[in-house]
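Heads up: the structure comes next, in structure tokens.
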Amino acid sequence: MKKYTYKDKKDTRSGFGDAITLLGNSNEKVVALTADVTGSVKMGTFAQQHPQRFFNVGIQEANMIGMAAGLTLEDKIPFAATFAEFISGRVYDQVRQAVAYSEKNVKICASHAGLTVGEDGATHQALEDLGMMKMLPGMVVINPCDYNQTKAATLAIAAYKGPVYLRFGRPKVPNFTPENQNFEIGKAVVLNEGNDVSIFATGHLVWPAIEAAEKLEAEGISVDLINIHTIKPLDEKAVLASAQKTGAVVTCEEHNRVGGLGESIAGFLATTQPTPQTFVAVNDRFGESGTGEELMHKYGLDAEGVYKAAKKVLTQK
């Protein structure tokens with residue numbers, strides 16, 4: 001297996017913040033909005049450098065989405081950012097009607113997603129957001145895995161015409177993808193080629209999947225490992241090719257099993273290539289308070305959980 005290493009750990013929200021700063025300097029159409037969490041979503045530098053294009057609306061997420069939709073009518077490219085739980089669940093009606101249904105060019109940027117919000121607890125741990133967003137017609141849904149990929153994804157969606165949901169997080173995670181990568185919306189990244197089991201991972205679960213794959217390969221199990229950074233549109237060609245090759249699938253995500261990446265892959269394969277599949281995801285429950293690392297382990301969203309899921313699905317081939 002190809003050896004993946006990293007020099008440092010960085011939070012993916014900083015990848016977003018650094019990219020939005022670059023966009024502010026290079027594209028006058030880009031505007032930034034947030035709901036009283038400027039520092040948390042790393043928009044501070046943009047706000048300092050471009051105060052006329054920055055809007056802190058206060059704790060009014062629904063109004064923020066309405067403002068963002070309106071700004072597109074003036075040919076602006078609005079990036080609206082706050083915590084994932086608030087920019088999905090709290091304002092779903094506005095996202096559905098003002099952005100998705102109206103086909104507005106709004107970039108919905110969701111920080112502090114998943115269990116890794118940690119001590120903030122279940123009320124702040126968005127585990128349903130990817131499913132909610134992928135159900136909206138025309139909505140692109142992206143969940144990058146590290147700082148570099150988040151930065152590249154942010155730059156890429158500025159050039160994309162249409163609504164996008166971009167998810168990132170607070171914890172520092174291994175930063176291992178190329179610094180100046182070419183991010184292609186809807187194009188999966190093959191991290192390792194193998195023949196025994198397919199592991200599809202997204203977001204914070206990509207690095208644990210790499211660690212699990214290394215352990216499996218050490219036992220003589222050949223792993224086809226794929227980073228699915230775009231949940232929608234799903235790279236169906238990559239998924240089908242891998243499933244046909246291995247005949248066993250593991251899906252990994254920091255999200256509820258219901259409505260997430262695993263369901264997308266299962267639904268697609270059910271109609272094209274029925275394949276045994278195990279899910280590494282939160283099993284239809286809310287989170288709780290604790291450190292991010294503790295929670296990821298408790299809910300089985302770590303390298304150990306991915307390894308066990310792969311071993312299980314291999315018995316079902």
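Condition check ((1) aromatic (Phe, Trp, Tyr); (2) farther than 15 Å from residue 117 by Cβ; (3) in the same structural domain as residue 196 (by TED's automatic domain parsing); (4) over 21 Å from the mean Cα position of the chain (by Cα)) across all residues:
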{"position": "265", "(1), (2), (3), (4)": "no, yes, yes, no"}
{"position": "268", "(1), (2), (3), (4)": "yes, yes, yes, no"}
{"position": "271", "(1), (2), (3), (4)": "no, yes, yes, yes"}
{"position": "292", "(1), (2), (3), (4)": "no, no, yes, no"}
{"position": "306", "(1), (2), (3), (4)": "no, yes, yes, no"}
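Taken over the stretch 95-118, the criterion of being under 25 Å from residue 254 (Cα atoms), of a type in the set (S, T, N, Q) and outside any strand (DSSP E or B) is satisfied by 116 alone.
Here the condition is being in contact (Cβ under 8 Å) with a residue 24 or more places away in the chain, over 23 Å from the mean Cα position of the chain (by Cα) and either over 23 Å from residue 285 (Cα atoms) or crowded, with 17+ Cβ neighbours inside 10 Å (or both); of 76, 134, it holds for 76 alone. For first residues located in the stretch 28-56 and buried (at least 19 other Cβ atoms within 10 Å of the Cβ), partners that are in a loop (DSSP other than H, G, I, E, B) and among the aliphatic types (A, V, I, L, M) and lie 6+ apart or on another chain with Cβ distances below 6 Å form the pairs 32/43; 34/41; 34/43; 35/57; 35/59.
Would you check if residue 162 is surrounded by 24 or more Cβ atoms within 10 Å (Cβ to Cβ) and at positive phi? Here the answer is no, as residue 162 does not meet what is asked.
The values are calculated or read from the model by the stated rules, or taken from the named source; none is laboratory data. These figures come from a predicted structure and were not determined experimentally. So basically every Cβ, Gly included, is an ideal-geometry build from the backbone, and we count neighbours across all protein chains shown.
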